[in-house]
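Below: one structure, written as structure tokens.
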Amino acid sequence: MHILYVIEKMSGVGGMERIFADKINWLARQEDIKVTLLLVWKDQQRPVFNLDSRVHIEHIDAQMVKGGLTYPIVVWRYNQLVKRLKPDVTVLSWVIGAMLATFGKHVGKTIFELHHSAATMRHAWLLRTLQRRTDVVVTLTPEDAQFFTQAQQVEVIPNFTTIGCNKQPDYDTKRCVALGRLVPAKDYPRMVRLWKEAVKEHQDWQLDIYGDGPESEHVRQCIEEAQMNDKILLHGNTNDVTKAYSEASIYMMTSHTEGFPMVLLEAMTIGLPVVAFDCPYGPRNIIQNGVNGLLIALNKDKAYVSALTLLMDNAERRRLMGEKAREMAQRFSCETIMQRWMDLFNTLVNDK
């Protein structure tokens with residue numbers, strides 16, 4: 001079976017790039033499966049996450065231009081490559097994938113894989129249009145699946161994590177952690193404001209933020225303006241996320257939109273209780289409120305601070321929720337989730 005993954009680029013350090021690398025590598029290790037990765041945008045940077053040597057990589061090398069004038073070139077080059085490669089299954093994602101799913105000439109079966117909330121994606125008209133040209137739409141949550149009412153077939157397959165769980169947090173540690181790209185959807189400026197309120201009565205606590213992105217300087221300024229330089233440390237990217245998680249005793253998220261947040265799953269795999277807003281849509285599919293974490297109504301800042309300080313006040317509560325978090329995360333193991341993908345691939349190929 002030949003599976004083609006079409007991805008914009010792999011030089012980013014986000015959860016989407018990580019999960020694609022993990023999926024592709026898992027498939028490349030299976031017998032009788034050939035995996036090709038087609039990268040769309042011209043990019044001088046190498047993929048951040050290691051790819052198995054058995055993964056064949058192709059390039060479209062399109063230049064990103066304002067106004068989308070390059071899209072016809074991308075579609076034409078995609079058509080030529082697919083004609084030459086003749087994949088059994090093509091997996092498309094994100095905006096460029098939606099464009100190719102809608103306007104491309106496909107060979108074999110096609111899957112559109114949604115990694116962000118459909119309710120908050122720009123170009124929603126593309127999502128509606130591609131339903132009629134794609135064999136299967138795969139979403140991360142049941143809520144997003146409801147968007148695709150005209151699709152031939154919709155499957156809900158969540159992400160998994162390959163992070164090791166051999167380390168366990170010290171629940172007496174007075175440190176909170178957050179990981180992710182510094183982008184508007186993650187709302188790190190709000191995190192700074194909430195943390196400032198939380199530490200008024202918890203001066204011995206520290207927040208560690210790992211990540212980089214277009215809002216890095218803005219977040220840094222927010223920390224300085226809040227006079228939180230000694231309470232919030234901005235570390236940048238890290239190559240050892242397991243260490244970052246295990247050195248804390250609480251995970252903090254303030255996103256106002258998510259797909260299926262890998263960082264929550266990773267933190268809970270390590271055994272961290274999590275505090276997050278009930279944003280569209282991922283956190284509610286992972287957090288069981290009051291059991292393995294705390295889920296707060298979106299934009300209810302006072303409730304968020306109260307929930308956070310509830311955990312900060314009680315190490316035993318952190319430990320109990322952390323243990324439940326680790327138990328829950330086992331449902332999202334790599335083997336369990338990838339077997340669902342293999343079942344889908346086999347069904348599509350056998351239905352040819």
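The values are calculated or read from the model by the stated rules, or taken from the named source; none is laboratory data. Since this is a predicted model, take the numbers as computed values, not measurements. Note that each Cβ is placed from the backbone with ideal geometry, even for glycine, and that neighbours are counted across all protein chains shown. Surface areas here come from the heavy atoms of the whole protein model, side chains and all, with no ligands, DNA or RNA. Shrake-Rupley method; radii C 1.70, N 1.55, O 1.52, S 1.80 Å.
Couple of notes before you dig in:
- Between VAL55, VAL136, VAL107, VAL74, the distinction of being surrounded by 15 or more Cβ atoms within 10 Å (Cβ to Cβ), free of Cβ contacts under 8 Å to residues at least 40 places away in the same chain and under 21 Å from ILE19 (Cβ atoms) belongs to VAL55 only.
- Checking THR347 against (1) under 21 Å from ILE19 (Cα atoms); (2) out of contact with any Lys or Arg (no Cβ under 9 Å at 6 or more places or on another chain); (3) hydroxyl-bearing (Ser, Thr, Tyr), the condition it does not meet: (1)
- Residue list for the range 52-98, filter: at pLDDT below 95 and under 23 Å from PHE260 (Cβ atoms): SER93, TRP94, VAL95, ILE96, GLY97, ALA98
- Total residues in the range 110-133, condition modelled with pLDDT under 90, part of a loop (DSSP other than H, G, I, E, B), open to solvent by 60 Å² or more (accessible area, probe 1.4 Å) and on the phi < 0 side of the Ramachandran plot: 5
- Candidate set: the range 139-154, residues that are within 20 Å of the chain's Cα centre (by Cα) and of a type in the set (A, V, I, L, M, F, W, C); chosen: the one nearest to ILE19 (Cα to Cα): LEU140
- Entirely in the range 211-304, the helices (runs of 4 or more DSSP H) that have 1 or more residues that are surrounded by fewer than 14 Cβ atoms within 10 Å (Cβ to Cβ), of a type in the set (Asp, Glu) and at pLDDT 95 or above: 216-225
- Qualifying residue in the range 192-203 (condition: part of a loop (DSSP other than H, G, I, E, B) and open to solvent by less than 30 Å² (accessible area, probe 1.4 Å)): yes
- Take the conditions (1) touching a residue at least 12 places away in the same chain (Cβ under 8 Å); (2) more than 29 Å from TYR245 (Cα to Cα); (3) not hydrophobic (A, V, I, L, M, F, W, C); GLN146 misses just one of them, which is (1).
- Sole residue being of a type in the set (Lys, Arg) and open to solvent by less than 60 Å² (accessible area, probe 1.4 Å), chosen from LYS34, LYS83, LYS23: LYS23
- MET321 vs. criteria in contact (Cβ under 8 Å) with a residue 24 or more places away in the chain, over 22 Å from GLY211 (Cβ atoms), buried (at least 21 other Cβ atoms within 10 Å of the Cβ) and in contact with a helix residue (DSSP H, G or I) (Cβ under 9 Å, 6 or more places away or on another chain): yes
- Verdict on ILE3 being among the β-branched types (Val, Ile, Thr), at pLDDT 95 or above and within 28 Å of CYS334 (Cα to Cα): yes
- Cβ-Cβ under 6 Å pairs, at least 6 apart or on other chains, the range 328-352 side crowded, with 16+ Cβ neighbours inside 10 Å, far side of a type outside the set (A, V, I, L, M) and in a helix (DSSP H, G or I): ALA329/THR269; MET338/TRP26
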